[in-house]
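Following: one structure in structure tokens, then a few remarks.
The values are calculated or read from the model by the stated rules, or taken from the named source; none is laboratory data. Treat the numbers as computed from the prediction; the structure is a model and nothing was measured. Note that we place each Cβ from the backbone using ideal geometry, even for glycine, and neighbour counts take in every protein chain shown.
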Amino acid sequence: MTFNEIVTLLDEIGAENVVLLCHHNSDPDAVCSAYAFMGLLKKVRPKLAMEIGTGHGVSRLTKNLLRQMPITVNLQPDVDKAQAIILLDTNTIQQLDDLTEKISQTKVPIIVVDHHAAHPETQAICRLCITNEEAASTCDIVYGFYKEQNIKPDPEEAKALFLGMAFDTRHFVLANSATFKAVADLQDSGVNAQEALAMLAMPMDFSERVARIKACHRAKIIRIDNWIIALSHVSAFQASAARALTDLGAHMAAVAGQKGQGIEISMRCTREFAEKTGIHLGRDLAKPLGESMQGQGGGHAMAAGVNASGDVKTGLKHCLRLLKECFSKNE
């Protein structure tokens, strides 16, 4: 599916108002892909009214970017007036938090653009689903739309695309050849790579440092064959804590946090672990774990997350069980 199909659908329903939604705690790839997508759609359909929204805020790093970029994110988007809703970098409506119920009941077309595989429940309610797990970021997909339309992004759109790509590839450590080609084009469009990357260099605050240290202190270390698995829990910054554990030497880490009656679990692994074991964190762990705990999960081969009901101990126990089952299947 292509950008032209999105435009065709919007034309067919006579859409005049479109809302672009990003997942809760929106990261730079989510917000920047939405901004660049909106810019492209505005170029081909200038009369469309659009806004970018999120169900439950943006990340601290994204807040910092918004101070430096001409991007507006509405924390209370008017989805009731929307004649079409486009989810960017959001593969499940559960990631919309406060807006989940409204989106699940809406009668207007839902379109998904993401580099994660869409959750089956989301696929069931959307009219168009444009996903590509081989893309390093959602910004990669949106940049492909610009190429498809033979339209050059303006300087701010190019910078946004670059920032989203840089963030989701960990400053291009996880980038593929398509991303590097796109980056070369974006630099030709006027992006100053050094200046842009500096926008993603944000000092770690005290709370995040404490969370990382607590996660390491509480970590349960399991050895499966020659792989080191780390399981831990903290009340916030689970993704950062999981990255810290893999940076310290774990091949795979899962960090859980209690959120009211539910839990969030962030998973990370090294490239070596993903390639040699064949285990895909999003497909093989996060998705089935979320479903088994009355929630949802998904993500990439090396980074995934779960939002579900239950408690931290049970969540990590199920995660380890699924991981062991994956290893058993590969024997």
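Quick notes on this structure:
- Filtered residues of the range 172-218 (kept if closer than 15 Å to LYS159 by Cα and among the acidic types (Asp, Glu)): ASP185, ASP188, GLU195
- Selected residue (criterion: farthest from PRO77 (Cα to Cα)) from residues of the range 19-42 that are at pLDDT 95 or above and surrounded by fewer than 24 Cβ atoms within 10 Å (Cβ to Cβ): LEU40
- Options PHE172, PHE145: the member that is within 22 Å of the chain's Cα centre (by Cα) and modelled with pLDDT under 95: PHE172
- Selection within the range 271-290: residues that are part of a loop (DSSP other than H, G, I, E, B) and more than 18 Å from the chain's Cα centre (by Cα). The member of this set that is surrounded by the fewest Cβ atoms within 10 Å (Cβ to Cβ) is GLY278.
- Within the range 131-151, the residues that satisfy the criterion of being of a type in the set (A, V, I, L, M, F, W, C) and touching a helix residue (DSSP H, G or I) at 6+ places or on another chain (Cβ under 7 Å) are ALA135, ALA136, CYS139, VAL142, PHE145, ILE151.
- Yes/no for PHE180 being of a type outside the set (Lys, Arg), in contact with a helix residue (DSSP H, G or I) (Cβ under 6 Å, 6 or more places away or on another chain) and either farther than 26 Å from LEU10 by Cα or surrounded by fewer than 16 Cβ atoms within 10 Å (Cβ to Cβ) (or both): no
- Which numbered condition ALA49 fails, given (1) among the small types (Gly, Ala, Ser); (2) free of Cβ contacts under 8 Å to residues at least 40 places away in the same chain; (3) closer than 23 Å to THR8 by Cα; (4) surrounded by 14 or more Cβ atoms within 10 Å (Cβ to Cβ): (4)
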